[in-house]
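Okay, so here's the structure we're looking at.
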Amino acid sequence: MQQQQEQQKDGVAATKCNSADEDDDSSYYSSEEDDDLVLEGVLRRNQDVPSSSDDDDSDDSSSDEEEVEPTKKKARVAETSNKNSTASKNNKKQESKQNKKSKKKNGDKKSKNEPEIIQVDFNFCDMDEKYFHGIKTHLLTEAMYAPFSSGLADMMVENVSVGTVISCDDGQDNVFGLASVLRVMSGEEGDCIKAIKESCMNHCPKQHKKEMDIVLSGKTKRPAGFLIHSRMVNLPLEITLILHQQLVLDMDWAVQHAEGGEKERKSLDFGAFILLAPCTHGTDDGSSLIYKKFDDEVFSTHAEYVFTFDAPKRLADQDKPEKQLVTAIVLTKTGHRAALKELEQMIGTGTGTTVL
């Protein structure tokens, strides 16, 4: 996907939020909050799109092919069918009349009960102001980001160079998934990032305190950033993989096409990532974790270090039997791309794309 040039919002001042984020309080504590955003309907693979299994037999022959940037992938669509039956009659005349009545009845039943089949193309798009509300909705499902959802959504929309949204051409600007990296800076970031940095430092164990302080200081040789990603829970796995791959392409493109000279190029060449992954205890003794997003577990296996702490309390979590946790995953650029290699091996794609 070809990147758009980073542009400022016309006539709209950049919005910053503080740790309380008064603008989000009503949404944050609303009973309508839902941790799981789900695509409705039954997913079925579109026969026009090759599956990853179709490529298994041709891996050797296609390994040397030129890389193709992932831009969009066909959606899987819901499909049901009704079987119509016609009762037989004693004579042809009665049978003909009964058939006409039966067809009309079954036709009405089909139109009322059969789900509509909709073909959907998932598009990977640059960040844009029109996706603000969709991005904010995803952030509200994350305990660490919910109090700062408006400010973070603004920052992500403005961060056109490094960020991807999964949407479709339905005219509604729906956001099915997103990925972005928000840079950690030395005293220059918004109040949202400052509050998240403070929370990380407060919960960081003593053995990692010094390292974490350096990563979050904004004074490292190569910048660090908070890696934020979210999606519908039943989004097809191949699209999840391409979302991560597209973010890597975004970062590489931003570095190669930086218009602000060497200074801007260095500011976009991320060397470390902090991922705050929602999870719960997998066992009663707390010796294992269950991650809300399976890819976060893969990232954790390639991390420099991880630590887990209690998630901020929310009204939406009161009825949940499991204790809600957050695991801070600190990755180098090498570790991040190694994790994507593992994801690619786990999921595979029919697109022929690979991660450098």
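When residues in the range 283-303 are screened for being under 16 Å from A179 (Cβ atoms) and of a type in the set (A, V, I, L, M, F, W, C), 3 of them pass. Listed here are the strands (runs of 3 or more DSSP E) enclosed by the range 82-186 that have at least 1 residues being of a type in the set (A, V, I, L, M, F, W, C), at pLDDT 90 or above and open to solvent by 10 Å² or more (accessible area, probe 1.4 Å): 121-126.
H229 meets each of the listed conditions (1) open to solvent by 50 Å² or more (accessible area, probe 1.4 Å); (2) within 17 Å of M156 (Cα to Cα) apart from (1). Taken together, the criteria place L235 among residues that are open to solvent by less than 30 Å² (accessible area, probe 1.4 Å), in contact with a strand residue (DSSP E or B) (Cβ under 9 Å, 6 or more places away or on another chain), in contact (Cβ under 8 Å) with a residue 24 or more places away in the chain and not polar (S, T, N, Q).
Scanning the range 210-217 finds one or more residues that are in contact (Cβ under 8 Å) with a residue 12 or more places away in the chain and part of a loop (DSSP other than H, G, I, E, B). Of all residues in the range 159-203, count the ones that are of a type in the set (G, A, S) and farther than 26 Å from F307 by Cβ. Of the residues in the range 159-203, 5 are of a type in the set (G, A, S) and farther than 26 Å from F307 by Cβ.
The values are calculated or read from the model by the stated rules, or taken from the named source; none is laboratory data. Note that the structure is predicted; figures quoted are calculated from it, not measured. We place every Cβ from the backbone using ideal geometry, glycine too, and count neighbours over all the protein chains shown. Surface accessibility is based on the protein's heavy atoms, side chains included, excluding ligands, DNA and RNA. Shrake-Rupley method; radii C 1.70, N 1.55, O 1.52, S 1.80 Å.
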